[in-house]
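Notes follow once the structure below has been shown.
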Protein chains: 2
Amino acid sequence: MMFPPYQEDASTLSLSIEQPGLAFTAVPWKDVTIDDLFWATRLRANREHTLPHLYRFCQETGRLDAFRLDWKPGREPVPHIFWDSDVAKWLEAACYSLATHPDAWLSQRVDEVVALILAAQQPDGYLNTHFTAVEPEKRWTNLRDWHELYCAGHLMEAAVAHFQATGKRTLLDALSRYADYIDSVFGPEPGKKRGYPGHEEIELALVKLYRVTGEKRYLRLSQYFIEERGRQPHYYDAEARLRGEDPAAFWAGTYEYNQSHLPVREQQEATGHAVRAMYLYSAMADLAHECHDANLLAACKRLWNHLCSTRLYITGGIGSSPSNEGFSADYDLPNERAYAETCAAIGLVFWNHRLLQVECDARYADVLEAALYNSVLGGISLDGETFFYANPLASQGMHHRQEWFEVSCCPPNIARLLASLGEYIYAANETDIAVHLYIQSTARLNVGGCAVTLRQETTYPWNGAITLRIEMAESATFGLKLRLPGWCHHASLRVNGEAFDLAGHVERGYVRVERHWQAGDAVALELAMPVERMYAHPGVRQDVGCVAIKRGPLVYCMEGVDHPVPLHRIILPEDADLASSFQAEMLDGVIIIHAQALMEDDADWGRTLYRSQSPRWLPAAITAIPYYAWDNRQPGEMRIWFRRKEG
Amino acid sequence: MMFPPYQEDASTLSLSIEQPGLAFTAVPWKDVTIDDLFWATRLRANREHTLPHLYRFCQETGRLDAFRLDWKPGREPVPHIFWDSDVAKWLEAACYSLATHPDAWLSQRVDEVVALILAAQQPDGYLNTHFTAVEPEKRWTNLRDWHELYCAGHLMEAAVAHFQATGKRTLLDALSRYADYIDSVFGPEPGKKRGYPGHEEIELALVKLYRVTGEKRYLRLSQYFIEERGRQPHYYDAEARLRGEDPAAFWAGTYEYNQSHLPVREQQEATGHAVRAMYLYSAMADLAHECHDANLLAACKRLWNHLCSTRLYITGGIGSSPSNEGFSADYDLPNERAYAETCAAIGLVFWNHRLLQVECDARYADVLEAALYNSVLGGISLDGETFFYANPLASQGMHHRQEWFEVSCCPPNIARLLASLGEYIYAANETDIAVHLYIQSTARLNVGGCAVTLRQETTYPWNGAITLRIEMAESATFGLKLRLPGWCHHASLRVNGEAFDLAGHVERGYVRVERHWQAGDAVALELAMPVERMYAHPGVRQDVGCVAIKRGPLVYCMEGVDHPVPLHRIILPEDADLASSFQAEMLDGVIIIHAQALMEDDADWGRTLYRSQSPRWLPAAITAIPYYAWDNRQPGEMRIWFRRKEG
């Protein structure tokens, strides 16, 4: 390693990354077949609607043609500095999809796009449409604000996916050459630039590239970018001066914006642009994992604790402020004005998935699941063709999904996450299989050298009953770790029909069943999934006096279309019964929640705006639907935090 | 009149402006001496601190020197298009003050400033620093966006005040010449521009000018500006095309911004920039009064009803949105993000004062009083040297008064209103005296030809006991109308010590006592002034579940400095006793309100951000202070709408 002796004293850390049995490797998306009721519909929409839709927009907006490098001054549109990343994420998603669901049309598009990208690579390995065709003289002159290394990272992720999906090395080799070139430009050695990206992404991509190529240079380069970040003298100061700018005039006001205010190991709080933060923290988790770096893991966990205890929406959304597309202050979680970018929730999934491989701790899976089932899934319409950029927790009725955005990072980001969803369900190591998510599926995996086919049957998230069936050629001993979600207060387990006492078998939120498994063994997990009222910490001023409704991993909301009065006038008594029922015809099939609540009456107010008598209440039947499904019917109000009747 | 036959059918109007006894004339500020405990302190601060403070800033920022017209290209600062108005409002305030409180230093400054203004007038009568010294070629080319006619109006108001205060005609004559020149430029006649100001103001100023000069041309010009507004073909469309601009590219998006979307008589809703709206509506009320125009009055009242029933803060603030400095949607009254510009509240005082002279209806006085005692008074610090531009109803602790603003309309606007406060208290006509506000003072007035000195004794707004003593050379018969504020539910009256039954003597919120008055007669009014809980219409989503506290005309707020926890964590039970006590040493002497309330406990939450148990409550003593006095101690949170405990 280039930076092995990080000197920080790790003796105070309570956790060692070396703790046996903790580190896992995710079972790759290619080896998992999802065939459930809930996700399969979404994944089919992703394949059949989203991917062609995004391809069309990449084409129509000029993003694909930009790779022809034939832009001439004066021609509109001008290839933008982040366009490459949109194409790369679409390509990555298409590759995931092709591997599990072959499709001739899509395969041809992938080949064409790969050819376009390959042809755009420069002799020195450089690969960026904007800084080749539009402003070649500005290559590497503003890492702080421009997206060169970010685009490089996304192209690398696409190349890895392309290789994994097709076995073809063309794109992987091209991006390896680009990585080699970047490695020759950046680093601590004399003559190299000591820079690092303003928008993190390449750090985690280089780890992926290392994992498929085995080339340690890429891991070291990732380490370099992570370790150099935020050191003094500050690279962005020097870089600004080279451009003739005053570093203090940085438009974002603070280097917290891109998490370069401090070296990453010294950072205590999740700050700045939320997507950037998530990609950085994901790479930190990757490096902690690969390098057995307990100190870096501890930094990650400090940031996780801070974020999850003060800056996380109940939906798994993060980054409450539009002004920096990121974090504001502790407990500042506005609902209507929430930014909660879809990409940030996706980044939160990435980060927690990585932490979950380092330490099999259900808290990471809980956050991952909350983000996935609420913010990420809400980011796309049921038909797969419109998208949210911001994911507010309340709306007056003006916030709607769009087909595309000028800055269109979110749509292809959702597409690639959904297309690779299989990878988030299972993990394995030498001794154990871990089941992180409950999605009906079949996984082909390997535990301690033994090939196992694990069949999961469930109607989760509508029901908490899960059966796992083990198929294998020969019997073997291993541990099967099943996540007990944080939202679940009562779980029970049967192994081949016999009750299994959880006591003494739960570690960090996972129940572990170790035995000599035989083909045909079945484990039945029953997670109690009642409708539950949730309350926010008293520090969250935007949620005071309010209650949210959850059932399992799903956060519920009210929509205007189901209610006769504006939603703020509805009050949910603490003792109102919350009933649930499955509605097969509604919103592709959902469990909705009903209750007898109250509503403020305005009939006796007339023209009065203020008066000394409080409003009267009338009974009101209310309906809540899963938050992810909102804005799929007629436009209108939405609200997650219901006013409660204080007892 | 130039436009006598406004053809609209007035037969459907329920009110006639000709109704006898309704129209009043305000007793001028010069004839009223205020000597109370409450306002006298504020008025002394205005004279001794605010006026010198504002003069210094007008001087230091170059606003005074701009009148020398010696600006040269490249020199900073560039005289701005609205600078003249700041100087004019300061001058107007200084003149009011000088007439009631002679001051040699101030008198000299007034003479100097008047001389500066006089010297800046052009041979044709034109008088504007920016469009004379900086962009003379752009005179009258953008009425929509620039402030030429607005500045002219403020100079006219200053000239009228200067004449009334000093008897000198110099400035009045100069501004009359300017008005004559403007009259020669604008109007419906062939060859004239059919324009009108983007920022209303000159319309009401021309009525003032008419009243002191008797020159009907000024009244007609005001009428022209009012009537031409919003007609088709639209002047701002044509004017934009003349500048080579696309009218549809208007930066504000809609002519509702400056209330020119429709002819004023057809307008149904208070829209757009709130200060502009108030100045327009004030002029409409003036013209309705002067021209006995029932249809124009009806338009005014429609706008008043709309505003007061849907878009008025409990503080008398208006214009909830920063984006247009104005009105947003019905019942949209955000607290933390309230704009509620100080100038808009002042404009609301102006408008309601004018309506009050047209129809002696206590509802106008109620709105005037709410704006005056809360939003206007809150706009200035107790020391008179810092100012709010925006007046939110809640603050996280970052909103503070400033010494000055780049756009500094509010500070001199407060100064001129305070310096002329005497004019808002009393009015008279041929048969009646009306007392609109309760402020200890002495008024010299004339009712039906009879000179009366009216002495008012009270400690209002701290107490609802008011005594009025009549002094006059000879006894006379007239009506004395005393306002019964809308906030008061129990009033009693004694005339010379004897109970006076209000029944049958209350008209539009005023009790009228008619008798043959003798010198020494005394009327004692007792207004019950309990602490009261107030609730907002259920349509106001920002105030749901909340309660405000009022006592008399004063709205109360909590400040962080008086409380151990963030204010959103405090809950006021509906049955908590609200006690009040006078604190002589606090905030120049205020009645504060105390209660035993509850607060949400966060001690048992730890790092938990969401949980399924609602927060615990602990007892908490709370203190509320008058809203106008907030941000005069250590910086911190503020909140008007308290969470209530729903029964």
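The values are calculated or read from the model by the stated rules, or taken from the named source; none is laboratory data. Only a predicted model underlies this, so the values are computations on that prediction, with no experimental measurement involved. Note that each Cβ is placed from the backbone with ideal geometry, even for glycine, and that neighbours are counted across all protein chains shown. Remember, those area values only see protein heavy atoms, side chains included, never the ligands or the DNA or RNA. Shrake-Rupley method; radii C 1.70, N 1.55, O 1.52, S 1.80 Å.
In the stretch B:94-119, the residue that is surrounded by the fewest Cβ atoms within 10 Å (Cβ to Cβ) out of those that are among the polar types (S, T, N, Q) and closer than 25 Å to B:ALA443 by Cα is B:SER107. Count of the stretch B:166-181 residues, restricted to those that are surrounded by fewer than 24 Cβ atoms within 10 Å (Cβ to Cβ), in contact with a helix residue (DSSP H, G or I) (Cβ under 8 Å, 6 or more places away or on another chain) and not β-branched (Val, Ile, Thr), is 7. Got at least one residue in the stretch A:359-376 being under 25 Å from A:ARG229 (Cα atoms), of a type in the set (Gly, Ala, Ser), more than 14 Å from every other protein chain (Cβ to nearest Cβ) and open to solvent by less than 10 Å² (accessible area, probe 1.4 Å)? Checking the stretch A:359-376: not a single residue is under 25 Å from A:ARG229 (Cα atoms), of a type in the set (Gly, Ala, Ser), more than 14 Å from every other protein chain (Cβ to nearest Cβ) and open to solvent by less than 10 Å² (accessible area, probe 1.4 Å).
It is to be established whether one or more residues within the stretch B:573-589 are at the interface with chain A (Cβ under 10 Å from one of its Cβ atoms), surrounded by 18 or more Cβ atoms within 10 Å (Cβ to Cβ) and closer than 30 Å to A:ALA548 by Cβ. No: the stretch B:573-589 contains no residue that is at the interface with chain A (Cβ under 10 Å from one of its Cβ atoms), surrounded by 18 or more Cβ atoms within 10 Å (Cβ to Cβ) and closer than 30 Å to A:ALA548 by Cβ. Please verify whether the stretch A:530-539 includes one or more residues that are hydrophobic (A, V, I, L, M, F, W, C) and touching a helix residue (DSSP H, G or I) at 6+ places or on another chain (Cβ under 8 Å). Yes, because at least one residue in the stretch A:530-539 is hydrophobic (A, V, I, L, M, F, W, C) and touching a helix residue (DSSP H, G or I) at 6+ places or on another chain (Cβ under 8 Å). The criterion of at least 2 residues that are within 21 Å of A:PRO28 (Cα to Cα) is met, among strands (runs of 3 or more DSSP E) falling completely within the stretch A:428-521, by A:432-435, A:441-447, A:450-458, A:465-472, A:476-483. Listed by first and then second residue, the pairs linking a residue in the stretch A:468-484 that is more than 11 Å from A:ASP432 (Cα to Cα) to a residue that is surrounded by 22 or more Cβ atoms within 10 Å (Cβ to Cβ) and at pLDDT below 95, with Cβ atoms under 7 Å apart and 6 or more places separating them unless they lie on different chains, form an empty list.
Annotation: of all residues in the stretch A:623-635 being open to solvent by 10 Å² or more (accessible area, probe 1.4 Å) and out of contact with any strand residue (DSSP E or B) (no Cβ under 6 Å at 6 or more places or on another chain), the one that is nearest to the other protein chains (Cβ to nearest Cβ) is A:PRO635.
Residues in the stretch B:304-329 that are within 10 Å of chain A (Cβ to nearest Cβ) and not aliphatic (A, V, I, L, M) were compared, and the one that is farthest from B:ASP543 (Cα to Cα) is B:ASN305.
Of the residues that sit in the stretch B:590-606 and are part of a loop (DSSP other than H, G, I, E, B) and open to solvent by 40 Å² or more (accessible area, probe 1.4 Å), which one is nearest to the other protein chains (Cβ to nearest Cβ)? The selected residue is B:ASP602.
Looking across the stretch A:607-622 at every residue that is within 30 Å of A:HIS400 (Cα to Cα) and crowded, with 18+ Cβ neighbours inside 10 Å, the one that is nearest to the chain's Cα centre (by Cα) is identified as A:ILE622. Please work out if B:CYS300 is more than 14 Å from chain A (Cβ to nearest Cβ) and either within 21 Å of the chain's Cα centre (by Cα) or surrounded by 24 or more Cβ atoms within 10 Å (Cβ to Cβ) (or both). Here the answer is yes, as B:CYS300 does meet what is asked.
Results for (1) among the hydroxyl-bearing types (Ser, Thr, Tyr); (2) in a strand (DSSP E or B); (3) free of Cβ contacts under 8 Å to residues at least 40 places away in the same chain, shown as yes or no for each residue.
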site	(1), (2), (3)
B:ILE549	no, yes, no
B:TYR556	yes, yes, no
B:VAL565	no, no, no
B:ILE571	no, yes, no
B:SER581	yes, yes, yes
B:THR608	yes, no, yes
B:PRO619	no, yes, yes
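Does A:ALA522 meet the test of being within 14 Å of chain B (Cβ to nearest Cβ), touching a residue at least 24 places away in the same chain (Cβ under 8 Å) and more than 25 Å from the chain's Cα centre (by Cα)?
Values: within 14 Å of chain B (Cβ to nearest Cβ): no; touching a residue at least 24 places away in the same chain (Cβ under 8 Å): yes; more than 25 Å from the chain's Cα centre (by Cα): yes.
Against the criterion (within 14 Å of chain B (Cβ to nearest Cβ), touching a residue at least 24 places away in the same chain (Cβ under 8 Å) and more than 25 Å from the chain's Cα centre (by Cα)), A:ALA522 does not qualify.
Apart from one condition, A:ALA252 fits all of (1) of a type outside the set (Phe, Trp, Tyr); (2) open to solvent by less than 20 Å² (accessible area, probe 1.4 Å); (3) part of a loop (DSSP other than H, G, I, E, B); (4) touching a residue at least 40 places away in the same chain (Cβ under 8 Å); the exception is (2). Of all positions in the stretch A:336-346, at least one carries a residue that is surrounded by fewer than 21 Cβ atoms within 10 Å (Cβ to Cβ) and either in a loop (DSSP other than H, G, I, E, B) or in contact with a helix residue (DSSP H, G or I) (Cβ under 8 Å, 6 or more places away or on another chain) (or both).
From the list B:LEU609, B:LEU618, pick out the single residue that is touching a Ser or Thr at 6+ places or on another chain (Cβ under 8 Å) and within 14 Å of another protein chain (Cβ to nearest Cβ).
Values: B:LEU618 fails: touching a Ser or Thr at 6+ places or on another chain (Cβ under 8 Å).
One residue alone meets the criteria, B:LEU609.
Under 8 Å by Cβ, and 6 or more places apart or on different chains, what pairs join a residue from the stretch B:193-207 that is part of a helix (DSSP H, G or I) with one that is β-branched (Val, Ile, Thr)? Matching pairs, first to second residue: B:ILE202/B:ILE182; B:GLU203/B:ILE226; B:ALA205/B:VAL160. The condition of being touching a Ser or Thr at 6+ places or on another chain (Cβ under 8 Å), over 16 Å from A:VAL87 (Cβ atoms) and open to solvent by 10 Å² or more (accessible area, probe 1.4 Å) holds for only one of A:LYS192, A:LYS208, A:LYS138, that being A:LYS192.
Does B:MET638 fit the bill of being aliphatic (A, V, I, L, M), within 11 Å of another protein chain (Cβ to nearest Cβ) and closer than 21 Å to B:GLU336 by Cα?
On the way: aliphatic (A, V, I, L, M): yes; within 11 Å of another protein chain (Cβ to nearest Cβ): no; closer than 21 Å to B:GLU336 by Cα: yes.
When the stated conditions are applied, B:MET638 does not pass them.
When B:ARG512, B:ARG508, B:ARG541 are screened for being farther than 18 Å from B:GLU369 by Cα, more than 13 Å from chain A (Cβ to nearest Cβ) and among the basic types (Lys, Arg), only B:ARG512 passes. Can you find a residue in the stretch A:73-86 that is without any contact (Cβ under 8 Å) to a residue 60 or more places away in the chain, closer than 23 Å to A:SER176 by Cβ, of a type in the set (Val, Ile, Thr) and surrounded by 13 or more Cβ atoms within 10 Å (Cβ to Cβ)? No; the residues of the stretch A:73-86 include none that is without any contact (Cβ under 8 Å) to a residue 60 or more places away in the chain, closer than 23 Å to A:SER176 by Cβ, of a type in the set (Val, Ile, Thr) and surrounded by 13 or more Cβ atoms within 10 Å (Cβ to Cβ). Restricting attention to the stretch A:222-249, the residues that are part of a helix (DSSP H, G or I), of a type outside the set (Ser, Thr, Tyr) and either surrounded by fewer than 14 Cβ atoms within 10 Å (Cβ to Cβ) or more than 24 Å from the chain's Cα centre (by Cα) (or both) add up to 10. Considering the stretch B:321-335, the residues that are touching a Phe, Trp or Tyr at 6+ places or on another chain (Cβ under 8 Å) and surrounded by fewer than 24 Cβ atoms within 10 Å (Cβ to Cβ) include one that is nearest to B:SER381 (Cα to Cα), namely B:ASN335. Looking at the stretch A:484-500, can you tell me whether even one residue there is within 14 Å of chain B (Cβ to nearest Cβ), open to solvent by 70 Å² or more (accessible area, probe 1.4 Å) and either among the hydrophobic types (A, V, I, L, M, F, W, C) or out of contact with any strand residue (DSSP E or B) (no Cβ under 7 Å at 6 or more places or on another chain) (or both)? Within the stretch A:484-500 (the criterion being within 14 Å of chain B (Cβ to nearest Cβ), open to solvent by 70 Å² or more (accessible area, probe 1.4 Å) and either among the hydrophobic types (A, V, I, L, M, F, W, C) or out of contact with any strand residue (DSSP E or B) (no Cβ under 7 Å at 6 or more places or on another chain) (or both)), the answer is yes, since at least one residue qualifies.
Of the residues that make up the stretch A:141-151, is at least one in contact with a Leu (Cβ under 8 Å, 6 or more places away or on another chain) and closer than 20 Å to A:ALA283 by Cβ? Before you say what the answer is, go through the steps one by one.
Taking the stretch A:141-151 and keeping what is in contact with a Leu (Cβ under 8 Å, 6 or more places away or on another chain), we get A:141, A:143, A:149.
Filter once more, so that each one left must be closer than 20 Å to A:ALA283 by Cβ: A:143, A:149.
Scanning the stretch A:141-151, I find at least one residue that is in contact with a Leu (Cβ under 8 Å, 6 or more places away or on another chain) and closer than 20 Å to A:ALA283 by Cβ, so the answer is yes.
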